[in-house]
Ligand code: OGA
Ligand code: MN
């Protein structure tokens, strides 16, 4: 996984500039394969649930708006998850050092979009207790091609940026300012999605 200087430099420049960065090949093939296997183990154990929209008492599951199933990684299990946690924690430290973002939390969940499922245009809302600042999405889709659909579309100042959810690609963007959507795909679409956040008060109830 990439944590070296040039990658960090590119990422910081991109966040400070247009507010988003796309890094292909962040995850090597074997690491992506191991994370897919870990995702399948968790899914087989029944730990995924339909993702909701809204926060707190307003929270509802609306598959017509957001169609993925998610599993929170409250604690990493096994080498693959520990490695990705460590790499993302290193990234959090680098963003704090270079951009002084004061990020204190990392929340992460796996997401599975069945064929045809998407997530309509939205801003990532913060749960009580944290302020989501930087969104990260890491794609785990082996052999994905543009024809499979499922793009992430980010609404930037200079128009729509489309990201093909290829295996190993990392997308990072500012949570507060950039609306985005997930287009439906022709096949199952897998990712590890999360946020670097600042703690406000209390814990992180979901
Ligand atoms: C999200 C989200 C983007 C993606 O989970 O909030 O916008 O490409 N995900 O999966
Ligand atoms: Mn989102």
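The values are calculated or read from the model by the stated rules, or taken from the named source; none is laboratory data. Fair warning: this is a prediction, and the values are worked out from it, not measured in the lab. With ideal geometry, Cβ positions are generated from the backbone for all residues, glycine too; neighbour counts draw on all protein chains shown.
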Being more than 14 Å from ligand 1 (Cβ to nearest atom) and either closer than 25 Å to residue 33 by Cβ or touching a strand residue (DSSP E or B) at 6+ places or on another chain (Cβ under 6 Å) (or both): is that true of residue 60 here? no
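Those residues that are in a strand (DSSP E or B) and within 15 Å of ligand 2 (Cβ to nearest atom), I need them from the stretch 145-156; list them, please. Give the steps one after another, and end with the answer.
The first filter runs over the stretch 145-156 and keeps only residues in a strand (DSSP E or B), leaving 149, 152-156.
Of everything in the stretch 145-156, those that are in a strand (DSSP E or B) and within 15 Å of ligand 2 (Cβ to nearest atom) turn out to be 152, 153, 154, 155, 156.
Return the residues of the stretch 179-190 that are part of a loop (DSSP other than H, G, I, E, B) and either without any contact (Cβ under 8 Å) to a residue 24 or more places away in the chain or away from ligand 2 (no atom under 12 Å from the Cβ) (or both); say none if nothing qualifies. Explain how you work it out, then say what you get.
In the first step, residues of the stretch 179-190 are kept if they are part of a loop (DSSP other than H, G, I, E, B); the result is 179, 183-184, 186-188.
Scanning the stretch 179-190 gives 183, 184, 186, 187, 188.
Specify the residue that is farthest from ligand 2 (Cβ to nearest atom); the eligible residues are those in the stretch 157-178 that are closer than 23 Å to residue 91 by Cβ and free of Cβ contacts under 8 Å to residues at least 60 places away in the same chain. Don't jump to the end; show me each part of the working.
Going through the stretch 157-178, the residues closer than 23 Å to residue 91 by Cβ turn out to be 161, 163-178.
So of that shortlist, the ones also free of Cβ contacts under 8 Å to residues at least 60 places away in the same chain come out as 164-165, 175-176.
Working: 164: 17, 165: 13, 175: 8, 176: 12 Å.
Checking each candidate, the answer is 164.
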Single residue of the stretch 145-165 satisfying the filter (within 11 Å of ligand 1 (Cβ to nearest atom) and either within 18 Å of residue 32 (Cβ to Cβ) or modelled with pLDDT under 95 (or both)) that is surrounded by the fewest Cβ atoms within 10 Å (Cβ to Cβ): 164
Return the residues of the stretch 110-131 that are under 12 Å from the mean Cα position of the chain (by Cα) and either near ligand 1 (Cβ under 10 Å from one of its atoms) or surrounded by fewer than 20 Cβ atoms within 10 Å (Cβ to Cβ) (or both); say none if nothing qualifies. 111, 124
Just for the stretch 66-108: of the residues that are touching a strand residue (DSSP E or B) at 6+ places or on another chain (Cβ under 7 Å) and exposed (fewer than 15 other Cβ atoms within 10 Å of the Cβ), which one is farthest from residue 184 (Cα to Cα)? 102
